[in-house]
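Okay, so here's the structure we're looking at.
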Amino acid sequence: MSSPLPVSTFDLARDKIVLASSNAHKIQEFKSLLPEAEQLIGQDALKVPSPEETGQTFIENALLKARHASLLTGLPALADDSGLVVPALNGAPGIFSARYAGPTASDTENCNRLLSALSGVTDRRACFHASLVFLLHADDPDPIIAQGHWFGEILTQSQGTKGFGYDPLFLVPELKKTAAELPESEKSAISHRGQALRRLTDSLAARYPQ
């Protein structure tokens, strides 16, 4: 395991960063949103297993994943915990969004469970939430945390083939399209993850000026 990088040497464009995710769709989205991070590496490529997500909030789970990945690789780590919050379901699926229909559920199975839970419900407001955490090393006492929120509504059936997760059900009212109908560039400009990443990169630039 390599030694943690000194604070003064960190460079987003130069240094290796482990992305604490095994979700291929999410890894691709991060690489698209962070093209300057040329050495962003998904944890699977470094043989890092996913930890059990025992946190009670998005931020707690993101911190847990970032520390786990950094500890096992000796690299700076970036982690995301995100999900869909539906007020009519008391905040569900929430932190359980990826496994709403079970531990190994597919996106389609999760979407179907959501539709079933909202059957007959008129209040279909929803919010995608993203919490990002950056750690310089596993024991970093001052992680950078950034969040983003994307408000919309849940349709009664899927529309669109782009994106992943609950995107085909998530209507963006002002565009009259679902997240799964948006081109990647348009989605990135307004999505919860895009918002959070822009805030994170601003914080990185302020803390580690080049």
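Using beta carbons and a limit of 9 Å, which pairs, at least six apart or on different chains, have the first residue in the range 182-200 and of a type in the set (A, V, I, L, M) and the second one surrounded by fewer than 17 Cβ atoms within 10 Å (Cβ to Cβ) and in a helix (DSSP H, G or I)?
As it stands, the answer is 182/190, since those pairs meet every condition given.
Take residue 178 and decide whether it is free of Cβ contacts under 8 Å to residues at least 24 places away in the same chain, β-branched (Val, Ile, Thr) and surrounded by 17 or more Cβ atoms within 10 Å (Cβ to Cβ).
Taking the combined requirement at face value, the residue satisfies it.
Does the range 29-56 hold any residues that are in contact with a strand residue (DSSP E or B) (Cβ under 9 Å, 6 or more places away or on another chain), assigned to a loop (DSSP other than H, G, I, E, B), without any contact (Cβ under 8 Å) to a residue 40 or more places away in the chain and not hydrophobic (A, V, I, L, M, F, W, C), and which are they?
39, the sole residue that qualifies.
Given the structure, is residue 195 loosely packed, with under 15 Cβ neighbours inside 10 Å and either closer than 22 Å to residue 108 by Cα or touching a Gly at 6+ places or on another chain (Cβ under 8 Å) (or both)?
The answer is no for residue 195.
Among the residues of the range 196-210, which ones are closer than 12 Å to residue 11 by Cα and of a type in the set (Lys, Arg)?
Across the range 196-210, the qualifying residue is only 207.
Of 91, 83, which residue is under 30 Å from residue 159 (Cβ atoms) and touching a helix residue (DSSP H, G or I) at 6+ places or on another chain (Cβ under 6 Å)?
Going through 91, 83 in turn, the sole match is 83.
Looking at this structure, is residue 102 buried (at least 17 other Cβ atoms within 10 Å of the Cβ) and in contact with a helix residue (DSSP H, G or I) (Cβ under 8 Å, 6 or more places away or on another chain)?
no
Which one is nearest to residue 200 (Cα to Cα), of the residues in the range 9-28 that are among the aliphatic types (A, V, I, L, M) and part of a loop (DSSP other than H, G, I, E, B)?
12
If I filter the range 81-111 down to residues being in contact with a Pro (Cβ under 9 Å, 6 or more places away or on another chain) and touching a residue at least 60 places away in the same chain (Cβ under 8 Å), which single residue comes out as nearest to residue 50 (Cα to Cα)?
Across the range 81-111, the extreme among qualifying residues is 84.
Exactly one condition in (1) farther than 18 Å from residue 25 by Cα; (2) under 16 Å from the mean Cα position of the chain (by Cα) is not met by residue 96; state its number.
The one condition residue 96 does not meet is (1).
Only one residue in 205, 180 is assigned to a helix (DSSP H, G or I) and modelled with pLDDT under 95. Which one?
Going through 205, 180 in turn, just one is assigned to a helix (DSSP H, G or I) and modelled with pLDDT under 95: 205.
Select, from 107, 139, the only residue that is closer than 18 Å to residue 23 by Cα and charged (D, E, K, R).
Every option except 107 fails the conditions.
Residue by residue through the range 25-77, note down the ones that are among the polar types (S, T, N, Q) and either more than 18 Å from residue 130 (Cα to Cα) or surrounded by fewer than 21 Cβ atoms within 10 Å (Cβ to Cβ) (or both).
28, 32, 39, 43, 50, 54, 56, 57, 70, 73
The values are calculated or read from the model by the stated rules, or taken from the named source; none is laboratory data. Note that the structure is a prediction, hence the values are computed from the model and not measured. Because the Cβ atoms are built from the backbone with ideal geometry, glycine has one as well, and the counts that use them run over all protein chains shown.
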